[in-house]
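Encoded as structure tokens, the structure appears first; notes follow it.
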Amino acid sequence: MPEDMVYYDVAVIGLGATGSAALHRLALRNVHVVGIDARMPGHDRGSSHGETRIIRLGYFEHPSYVPLVREAFTLWRALERETAVNLLMVTGIVEIGAPDCALVRGTLASSQQHRLPHDILDAPALMKRFPAFRVPPDYVGVFQPDAGFLDAEACVAAQVAAARAAGAEILTPCPVLKIEASARGVRIVMANRTIEAGKAVVAAGPWLKTLLPDLPAPVRVTRQVLGWFTPKDAAPFASEKFPIFLFESPHGVHYGFPPNTGGNLKISKHHHFDEAVEPDTCDREVSSRDQQGIRDFITDYLPAADGPMVEAKTCLYTMTPDGDFIIDRLPGNPNIVIASPCSGHGFKFAPVIGDILADLATIGATQRDISRFGLARFR
Ligand SMILES: Cc1cc2nc3c(=O)[nH]c(=O)nc-3n(C[C@H](O)[C@H](O)[C@H](O)COP(=O)(O)OP(=O)(O)OC[C@H]3O[C@@H](n4cnc5c(N)ncnc54)[C@H](O)[C@@H]3O)c2cc1C
């Protein structure tokens, strides 16, 4: 190594929700760590922007996520204390659909297996308790009181600030061009400098395969749309009457949040049109067709929200074929730890995944169960 080459124990590449969490958890362990991002943290080109993210315990995707969500709740609250910023609001969640749909079945399976408090509501009880919804007579809702939402941009900012306060260095805007093996670990080549580190944590979100094109993982980047709607009638959206929701219908799975401080409801379609894109050339304009993909649901099932769409944004999912995350070391170079906790549901886990990444980058293993997240499953 040339004598003037700067050396860190760990370099974290990407400072969205995942990388900023890893940076924070590493800094708290007194690791000499640097965080690098091509853009300024909090930007709106990746996956971690757009006002809010749901955090929920009755995990319909698989019950094995529940212990990780529990730990994430604890770590988000700890970050709030550390930074004196409110990040997590508990509102409860109602998950609605036909009794045999994946959303309702999966939520109930997790709730029952992990003995989570929950109420099962038939259609009349659901519309009495949450009058904004118009629900088909055979649908049911599962209400889980412990869910809520995270203030997404504030979470990323808090993680970056807490990491910096704990001693992390930060290089932004600084695109990483290449990561290569070196005698002491890895060499990280940027446009205007090169550094060395013992380990690299790569949390590049939708740019994962741009940075590591040979990564043996068939991920797809998909374009998503967030819409903010002014309700036609605000009364049924009063706080105790309208929690966060997920709703599976013939239109797909839609989700939404209680009114924000401006009185608007953020409502989206999970997976939107499932359109594969490149992160740098993706169309960021929201079209009338995009809006219709959300409004069809609103008209049929949430009519009081059917007012004007006052704001819209695009955002990117990085999807694996099975919807589970990738958290593993790079085959052929164990000094590079890969984290792709997206597939549209990774934000809530950021602090716990950050801590797992800190485990992998320092001691090479973690006590948490990450067996679902290995790269070997794609072989
Ligand atoms: C519309 C939408 C709704 C969602 N809803 C929820 C939800 O309700 N609940 C939930 O838990 N999850 C949700 N998710 C998923 C969650 O937001 C993501 O899992 C999470 O934000 C992923 O964060 P990340 O840090 O991995 O990626 P990103 O936030 O994209 O961060 C990656 C970073 O890497 C940087 N980078 C990339 N390449 C380089 C390079 N070569 N050099 C330097 N830096 C680089 C980028 O600039 C970027 O800042 C949602 C996602 C979207 C898009």
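Picking from residues in the stretch 331-360 that are assigned to a loop (DSSP other than H, G, I, E, B) and in contact (Cβ under 8 Å) with a residue 60 or more places away in the chain, the one that is nearest to residue 182 (Cα to Cα) is 331.
Considering the stretch 37-145, the qualifying helices (runs of 4 or more DSSP H), each wholly inside and each with 3 or more residues that are out of contact with any helix residue (DSSP H, G or I) (no Cβ under 8 Å at 6 or more places or on another chain) and of a type in the set (D, E, K, R), run over 66-83. Scanning the stretch 6-36 for residues that are part of a loop (DSSP other than H, G, I, E, B) and more than 16 Å from residue 201 (Cβ to Cβ) yields one hit, 30.
Residues in the stretch 292-326 that are in contact with a Leu (Cβ under 7 Å, 6 or more places away or on another chain) and within 14 Å of the ligand (Cβ to nearest atom): 312, 313, 315, 318, 326. Screening residue 262 against (1) assigned by TED's automatic domain parsing to the domain that holds residue 106; (2) near the ligand (Cβ under 10 Å from one of its atoms); (3) of a type outside the set (Asp, Glu); (4) farther than 22 Å from residue 102 by Cβ leaves a single unmet condition, (2). In the condition set (1) surrounded by fewer than 22 Cβ atoms within 10 Å (Cβ to Cβ); (2) of a type in the set (Lys, Arg); (3) assigned to a strand (DSSP E or B), residue 199 is compliant with all but (1).
Taking the criterion of being among the β-branched types (Val, Ile, Thr), touching a residue at least 24 places away in the same chain (Cβ under 8 Å) and in a loop (DSSP other than H, G, I, E, B), would at least one residue in the stretch 167-188 satisfy it? Checked against the condition, which is being among the β-branched types (Val, Ile, Thr), touching a residue at least 24 places away in the same chain (Cβ under 8 Å) and in a loop (DSSP other than H, G, I, E, B), the stretch 167-188 yields at least one hit.
The values are calculated or read from the model by the stated rules, or taken from the named source; none is laboratory data. This is a predicted model, so every value here is computed, not measured. Counting neighbours? That spans all protein chains shown, and the Cβs are built from the backbone with ideal geometry, glycine included.
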